[in-house]
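Participant: The structure is given below, and queries will be raised subsequently.
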Amino acid sequence: MPKTPSPSIFRPASGVDQSMLAEHKALLQEIDRRKVLRGAVSLGALTMLTGCNVTRTDSVQSVLKLISQFNDKVQELLFRPNHLAPTFSESQVVKPPRFNAYYDIEDMVPLDAAKWKLELAGKIKDKRSWTAQQIYALPEQEWIVRHICVEGWDYIGQWSGVNLREFLERIGADLTAKYVSFKCADDYYGSIDMATALHPQTILATRYAKEPITDPFGFPLRLRTATKLGFKNPKWITEIEVTNQYRGGYWEDRGFNWFSGI
Amino acid sequence: MHWTNALAMILLIGSGWEIYNDEVIFGWLHFPHWMTIGGGAEGALQWHFAAMWLLMINGLCYLAYGIATGRFRRKLLPVSPRELIATIRDTLRFKLGHDDITHYNPVQKLLYIGVILIIIVQVLSGLAVWKPVQFSELATLFGSFQGSRLVHFIGMALIVGFLVVHVALALIVPKTIGAMLTGGPEVEDDDRHSRE
């Protein structure tokens, strides 16, 4: 019966030249199975070795960085401004929360609330600084949401504090600016997109499980947003800036994705 | 398409192991650093979220092509239970023929259908791990956040298991490697003449 080529668009219209296969048929049948396996293993090892070098090449790094920036844009599009993160009941709250910083908990330096001040900068009308007393007197809201770390662990936390959108409106911030950027007492820094800053579940947290936040978790003031990974929530905040300039962040400048939405 | 997928898979598995090492699911299981891709978690995450596009775009093209041309229907369906048992019996008696590499036996059909489905679930569980809030409806399907991570891990283990068998068998039947490089022998369109 006549043989017709399969409808693959990758197959040459004239069909595949079988002579090459026929020529090498003897050779193919001669191939020692063990030799093939051995060869495959060394070939695999070789690609692994070259992989090590490829990883360090600058051009590969810059391509990966470009894709990471492209992924920032994709995440911006995926972000649903009014979609709430799942919330949980008080009985599911983990006490105390889990510590995370770029150093160990023993090296954490507690802040003196009496001396602490929140400075404001950038596209904000009222740049007067805030004391802890003033911040703690603001109307608070509470969210019981999941904290997810980029490493893969998570816990349910109960956070309360002033809603960030309300606070930005109160100080006359330009809500059309691109970024809200944070500086911290421990030299940590970070920035988030304005859409996330205006999300209903983004707050400047002052309390955990109804009690003032304890020292290791950012006393007196930290960010808590339900739509980003843990490292996007700066603790011990000392300055908030509203800006159109990209400010990056501590981990972001070390290769982690900037948007890091969840 | 096959080799683009192979590259994406190797990058995703290698970088996934590095990401896994940062917070292991099983205390006894850490992947040796020399087996992983990315150098550290930040590099591995960059590789993982770059290769994910390669897998998804290539995979969508593959599925669209397989469905539109009828390739899946022709090559992978139907899987007859009787033939399946016969194939397993022949295999155990070392009598399984590979004379016609353009046709998959029922075991091959099942494995290929299975791995395609596993990869689809793997993409879904991956999206649930990446965006448990934006895709919270999807994440609910897998239970908790850790549930999605576990499903994503099991999917990886099944794909790695498939790869070990798949590569070993392809090496044992060297004819198939020639076919993979040249596009394969011509095939008959009509299924009625296809089997002995």
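The values are calculated or read from the model by the stated rules, or taken from the named source; none is laboratory data. All values reported here derive from a predicted model rather than from experimental measurement. Ideal geometry is used to build each Cβ from the backbone, glycine not excepted, and the neighbour counts take in all protein chains shown.
Participant: Of everything in region A:222-262, what is more than 12 Å from the chain's Cα centre (by Cα) and among the polar types (S, T, N, Q)? Give them in sequence order.
Facilitator: Those that are more than 12 Å from the chain's Cα centre (by Cα) and among the polar types (S, T, N, Q): A:THR238, A:THR243, A:ASN244, A:GLN245.
Participant: Let me ask something else about it. What's the total number of residues in region A:98-118 that are under 22 Å from the mean Cα position of the chain (by Cα), surrounded by 13 or more Cβ atoms within 10 Å (Cβ to Cβ) and either within 14 Å of chain B (Cβ to nearest Cβ) or modelled with pLDDT of 95 or more (or both)?
Facilitator: Residues that pass the stated criteria total 2.
Participant: Here's a follow-up. Provide a single number: the residues in region A:223-244 that are part of a helix (DSSP H, G or I) and over 16 Å from A:ARG146 (Cα atoms).
Facilitator: So the count comes out to 0.
Participant: A further question follows. Using beta carbons and a limit of 6 Å, which pairs, at least six apart or on different chains, have the first residue in region A:60-87 and within 7 Å of chain B (Cβ to nearest Cβ) and the second one part of a helix (DSSP H, G or I) and surrounded by 14 or more Cβ atoms within 10 Å (Cβ to Cβ)?
Facilitator: Short answer, once both residue conditions are applied: A:LEU64/B:GLN46; A:LEU64/B:ALA50; A:ILE67/B:ALA50; A:SER68/B:GLN46; A:ASN71/B:PHE49; A:PHE79/A:ALA195; A:PRO86/B:SER136.
Participant: Pick from region B:95-131 the residues that are assigned to a loop (DSSP other than H, G, I, E, B) and away from every other protein chain (no Cβ under 14 Å): which of them is surrounded by the most Cβ atoms within 10 Å (Cβ to Cβ)?
Facilitator: Among them, the one singled out is B:ASN105.
Participant: Here is a further query. Conditions first: (1) within 24 Å of the chain's Cα centre (by Cα); (2) in a loop (DSSP other than H, G, I, E, B). B:GLN134 passes all but one, so which condition is the exception?
Facilitator: Only one criterion in (1) within 24 Å of the chain's Cα centre (by Cα); (2) in a loop (DSSP other than H, G, I, E, B) is unmet by B:GLN134, namely (1).
Participant: May I ask you to say which residue of A:SER91, A:SER160 is in a strand (DSSP E or B), over 27 Å from A:PHE256 (Cβ atoms) and polar (S, T, N, Q)?
Facilitator: Within the list A:SER91, A:SER160, the selection yields A:SER160.
Participant: Still on this structure, I have one more. Whether any residue in region A:161-181 is buried (at least 17 other Cβ atoms within 10 Å of the Cβ), within 24 Å of the chain's Cα centre (by Cα) and within 23 Å of B:SER144 (Cβ to Cβ) is what I want to check.
Facilitator: There is no residue in region A:161-181 that is buried (at least 17 other Cβ atoms within 10 Å of the Cβ), within 24 Å of the chain's Cα centre (by Cα) and within 23 Å of B:SER144 (Cβ to Cβ).
Participant: Okay, moving on. For B:PHE31, are the conditions met, namely being closer than 20 Å to A:ARG254 by Cβ, of a type in the set (Phe, Trp, Tyr) and surrounded by 14 or more Cβ atoms within 10 Å (Cβ to Cβ)?
Facilitator: Against the criterion (closer than 20 Å to A:ARG254 by Cβ, of a type in the set (Phe, Trp, Tyr) and surrounded by 14 or more Cβ atoms within 10 Å (Cβ to Cβ)), B:PHE31 does not qualify.
Participant: Can you name every residue in region A:246-262 that is touching a residue at least 12 places away in the same chain (Cβ under 8 Å), surrounded by fewer than 20 Cβ atoms within 10 Å (Cβ to Cβ) and out of contact with any Asp or Glu (no Cβ under 9 Å at 6 or more places or on another chain)?
Facilitator: Once the filter is applied, which keeps residues that are touching a residue at least 12 places away in the same chain (Cβ under 8 Å), surrounded by fewer than 20 Cβ atoms within 10 Å (Cβ to Cβ) and out of contact with any Asp or Glu (no Cβ under 9 Å at 6 or more places or on another chain), region A:246-262 yields A:TYR246, A:GLY248.
Participant: Let me ask something else. Can you confirm whether A:ARG146 is within 14 Å of chain B (Cβ to nearest Cβ), of a type outside the set (Val, Ile, Thr), under 18 Å from A:PHE217 (Cα atoms) and in a loop (DSSP other than H, G, I, E, B)?
Facilitator: When the stated conditions are applied, A:ARG146 does not pass them.
Participant: Given the criteria over 25 Å from A:PHE256 (Cα atoms), surrounded by 13 or more Cβ atoms within 10 Å (Cβ to Cβ), in contact with a Ser or Thr (Cβ under 7 Å, 6 or more places away or on another chain) and at pLDDT below 95, does A:LEU21 qualify?
Facilitator: So A:LEU21 fits the description; yes.
Participant: Check A:LEU120 against each of (1) under 27 Å from A:THR87 (Cβ atoms); (2) outside any helix (DSSP H, G or I) and name the one condition it does not meet.
Facilitator: Looking at each condition in turn, A:LEU120 falls short on (1).
Participant: Now a separate question. Please tell me if B:ALA157 is within 11 Å of chain A (Cβ to nearest Cβ) and assigned to a helix (DSSP H, G or I).
Facilitator: no
Participant: Can you tell me which residues in region A:136-169 are more than 24 Å from A:GLU90 (Cβ to Cβ), touching a residue at least 60 places away in the same chain (Cβ under 8 Å) and touching a strand residue (DSSP E or B) at 6+ places or on another chain (Cβ under 8 Å)?
Facilitator: Matches in region A:136-169: A:LEU168 only.
Participant: Search region B:13-48 for residues being under 20 Å from A:ILE67 (Cα atoms) and touching a residue at least 40 places away in the same chain (Cβ under 8 Å), and hand back the single one that is farthest from the chain's Cα centre (by Cα).
Facilitator: B:GLY16
Participant: Considering each of B:ALA51, B:ALA64, B:ALA44, B:ALA68 in turn, give the residue that is closer than 26 Å to B:MET1 by Cβ, touching an Asp or Glu at 6+ places or on another chain (Cβ under 6 Å) and hydrophobic (A, V, I, L, M, F, W, C).
Facilitator: Answer to the check: B:ALA44.
Participant: Scan region A:206-235 residue by residue and report those that are touching a Ser or Thr at 6+ places or on another chain (Cβ under 8 Å) and within 25 Å of B:VAL129 (Cβ to Cβ).
Facilitator: A:LEU223, A:ARG224, A:THR225, A:ALA226, A:THR227, A:LYS228, A:LEU229, A:PHE231, A:LYS232, A:ASN233
Participant: May I pose another question? Looking for something touching a helix residue (DSSP H, G or I) at 6+ places or on another chain (Cβ under 9 Å), within 14 Å of another protein chain (Cβ to nearest Cβ) and closer than 23 Å to B:VAL133 by Cα - is there at least one such residue anywhere in region A:159-178?
Facilitator: no
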